[in-house]
Amino acid sequence: MAKHKTPLLDQLESGPWPSFVSDMKQEAAVRAKNEKNIEYQIPQDAVEDLLGVLELSYTDGTTHWKHGGIVGVFGYGGGVIGRYCDQPEMFPGVAHFHTMRVAQPAGKFYKTDFLKNLCDLWDFRGSGLTNMHGSTGDIILLGTTTPQLEEIFYELTHKFNQDLGGSGSNLRTPADCIGEARCEYACYDTQDLCHTLTQEYQDELHRPAFPYKFKFKFDGCPNCCVASIARSDMSFIGTWKDDIRIDQDAVAGYVNGDFPPNGGAHAGRDWGAFDIEKEVVGLCPTECMKYEDGKLEINNKECTRCMHCINVMPRALRPGKEKGCSILCGAKAPILDGAQMGSLLVPFIEVNKEDGYAAIKEVIEAIWDYWMEEGKNRERLGELMKRQGFQKLLEATDIKPVPQHVQEPRTNPYIFWKEEEVEGGWTRDVNEYRKNHLR
Amino acid sequence: MELAEAKEKIVEALTKKAKSKSKFYFNDLSKILELKPREAKKLVNKLVEDGVLEYWSSGSTTMYGLSGTGKQAGAEHED
Ligand code: SF4
Ligand code: SF4
């Protein structure tokens, strides 16, 4: 028997999709039965009370959570988010119900025993409810009490070899696509870069001193599987400098219908014979492709590396050989308003494992210095860029303006020179001037 | 700047404002110390380690306060 009646939540289960309400009810029932004889360290009926307080929020149309507080583990200013229920007498099981963010492994590779042990830990010391994964990418453990935090942290770091993630005004848990491990489009080793920078910037991850949150995301190619261009203050997107590699025999294979286009995706329906003109050449956004006399040609100078043609004919087309990444800045994706895509700051940078990614770190650190000094409280990098202009970002990072930075033709007819850009500067010799110009 | 001097400046400034405010942004602290953020961060970290300051976090932002002065469960806008 459920502890609280939840008629409104029950309705959420009636739709065609899997429902988180059903998941929660299942966990509540498992905890009530406790067949594994777990010595629950937080109230056994926590999930029942969570359903209860959620039902109450649907009834009265307001939240009953207080977000935030002074909780954490020693030495860390992030990774734990205090949650307190403002109706603790009605729902004592969730009076204290903190969230923990745990860094996910690069590329989200897990072994099943890791996941099993993690679930066991969370059944024992938390609510048993998780969110795999949160929108930043980390493992979210939902609901525990303050005395459990250090215990969980100890277990995670000593037995799971896993760290807490970022929260608050920190570098957030960096996230990457699966990259070279499984994907031949990858233009650099996303997992290594993500992992290396995570280790390098431990202080930024755990000790908050930024004006607001800061996210890194790593995509191996412009397909952007972790949506870095939309969701990170600094996104690293794999790209190439030279020409797309073309295998003309494989192109012919696609045209003859020997290979299914798009790697066989969208195969649930008969779309008719493959039409290279219509499906590839005609959809190239920069119209830089041509298919004539059985030969595919690409004017690579005009190619924006949108990946479309490569995605459709992966056997025939491959990214070039001179690979690296582009760095874009200033994206953010708040739910309510102000979503913004990243702006291109570095068109091409080498991703060099050998020297510890020195060139990339230099850009990152210049940006942090700039934002930490100029950013207002709770101002994301993208907002600072809007407020002060892209030019300031170029100055702060000491990057020369290039045509790729231009977003649109200018709307201001004036050009403002700085003194150091003008020969002789602003000063003049008045006596010299008076020789030719009477008062 | 020496740690002792930083501690004195911070404790004095935050105590003065304690009636109206218990949580401060990192920027406020670097202004009190009159240091660049990176320099200030080293000292502020040390003060947290020593238990002079403590973190307060809403999940999206982090603020700092003198240990023991803030409300454990205060929400972001109810200072
Ligand atoms: S972003 Fe590109 S490289 Fe990374 S997994 Fe997706 S398609 Fe592959
Ligand atoms: S990657 Fe995109 S822009 Fe470049 S040739 Fe292919 S379709 Fe055209």
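The values are calculated or read from the model by the stated rules, or taken from the named source; none is laboratory data. Keep in mind that this is a model prediction, so the values were computed, not measured. Methodologically, a virtual Cβ is constructed for each residue, glycine included, from the backbone with ideal geometry; neighbour enumeration extends over all protein chains shown. Accessible surface is based on the protein model in full, side chains and every heavy atom, while ligands, DNA and RNA are left aside. Shrake-Rupley method; radii C 1.70, N 1.55, O 1.52, S 1.80 Å.
Residue A:423 - would you say it is surrounded by 10 or more Cβ atoms within 10 Å (Cβ to Cβ) and free of Cβ contacts under 8 Å to residues at least 60 places away in the same chain? Walk me through how you get there before you give the answer.
Working: surrounded by 10 or more Cβ atoms within 10 Å (Cβ to Cβ): no; free of Cβ contacts under 8 Å to residues at least 60 places away in the same chain: yes.
Criteria not met by residue A:423.
Is there any pair with a first residue in segment A:225-252 that is in contact (Cβ under 8 Å) with a residue 24 or more places away in the chain and open to solvent by less than 10 Å² (accessible area, probe 1.4 Å) and a second that is within 16 Å of ligand 1 (Cβ to nearest atom) and among the acidic types (Asp, Glu) whose Cβ atoms are under 8 Å apart and which are 6 or more apart or on different chains, and what are they?
Note: pairs meeting the criteria are A:228/A:219; A:235/A:219; A:236/A:219; A:238/A:219.
Does residue A:375 meet the test of being over 22 Å from residue A:304 (Cβ atoms), open to solvent by less than 40 Å² (accessible area, probe 1.4 Å) and without any contact (Cβ under 8 Å) to a residue 24 or more places away in the chain?
On the way: over 22 Å from residue A:304 (Cβ atoms): yes; open to solvent by less than 40 Å² (accessible area, probe 1.4 Å): yes; without any contact (Cβ under 8 Å) to a residue 24 or more places away in the chain: no.
Answer is no for this residue.
Within segment B:15-40, restricting attention to residues that are away from every other protein chain (no Cβ under 11 Å) and among the hydroxyl-bearing types (Ser, Thr, Tyr), which residue is farthest from residue A:213 (Cα to Cα)?
B:15
For segment A:120-217, which fully contained helices (runs of 4 or more DSSP H) count at least 1 residues that are within 14 Å of chain B (Cβ to nearest Cβ) and more than 26 Å from residue A:319 (Cβ to Cβ)?
Numbers: elements: A:148-158, A:190-200, A:202-206.
The qualifying helices (runs of 4 or more DSSP H) are A:148-158, A:202-206.
Go through the residues of segment A:34-51 one by one and say whether even a single one is under 32 Å from the mean Cα position of the chain (by Cα), outside any helix (DSSP H, G or I) and free of Cβ contacts under 8 Å to residues at least 12 places away in the same chain.
No.
In segment A:52-89, how many residues are in contact (Cβ under 8 Å) with a residue 40 or more places away in the chain and either at the interface with another protein chain (Cβ under 8 Å from one of its Cβ atoms) or under 19 Å from residue A:127 (Cα atoms) (or both)? I'd like the intermediate steps shown before the answer.
As a first pass, look at segment A:52-89 and keep what is in contact (Cβ under 8 Å) with a residue 40 or more places away in the chain: A:52-55, A:58-59, A:71-81, A:83.
Still in the list and also either at the interface with another protein chain (Cβ under 8 Å from one of its Cβ atoms) or under 19 Å from residue A:127 (Cα atoms) (or both): A:52-55, A:71-73, A:75, A:77-81, A:83.
Residues in segment A:52-89 being in contact (Cβ under 8 Å) with a residue 40 or more places away in the chain and either at the interface with another protein chain (Cβ under 8 Å from one of its Cβ atoms) or under 19 Å from residue A:127 (Cα atoms) (or both): 14 in total.
Of all residues in segment A:278-296, which are more than 10 Å from ligand 2 (Cβ to nearest atom), surrounded by fewer than 17 Cβ atoms within 10 Å (Cβ to Cβ), in contact (Cβ under 8 Å) with a residue 12 or more places away in the chain and not in a loop (DSSP other than H, G, I, E, B)?
Correct list: A:291, A:295.
So residue A:351 passes all but one of these: (1) part of a helix (DSSP H, G or I); (2) within 24 Å of residue A:396 (Cα to Cα); (3) within 16 Å of ligand 1 (Cβ to nearest atom). Which condition number does it fail?
Here residue A:351 clears every test but (1).
Sort out which residues of segment B:43-60 are open to solvent by less than 10 Å² (accessible area, probe 1.4 Å) and more than 21 Å from residue A:212 (Cβ to Cβ), and write them in order of number.
Scanning segment B:43-60 gives a single hit, B:47.
If you go through segment A:192-244, how many residues are basic (Lys, Arg), more than 14 Å from the chain's Cα centre (by Cα) and more than 16 Å from ligand 2 (Cβ to nearest atom)?
Of all residues in segment A:192-244, those basic (Lys, Arg) come to A:207, A:213, A:215, A:217, A:231, A:241.
Next, from what is left, pick out any that are more than 14 Å from the chain's Cα centre (by Cα): A:207, A:241.
Subsequent filtering for residues that are more than 16 Å from ligand 2 (Cβ to nearest atom) retains A:207.
Here the count works out to 1.
What residue, among those in segment A:63-118 that are open to solvent by 50 Å² or more (accessible area, probe 1.4 Å) and of a type in the set (Phe, Trp, Tyr), is nearest to residue A:146 (Cα to Cα)?
Across segment A:63-118, the extreme among qualifying residues is A:74.
I'd like the full set of residues that are within 13 Å of ligand 1 (Cβ to nearest atom) and open to solvent by 30 Å² or more (accessible area, probe 1.4 Å), limited to segment A:210-224.
Once the filter is applied, which keeps residues that are within 13 Å of ligand 1 (Cβ to nearest atom) and open to solvent by 30 Å² or more (accessible area, probe 1.4 Å), segment A:210-224 yields A:222, A:223.
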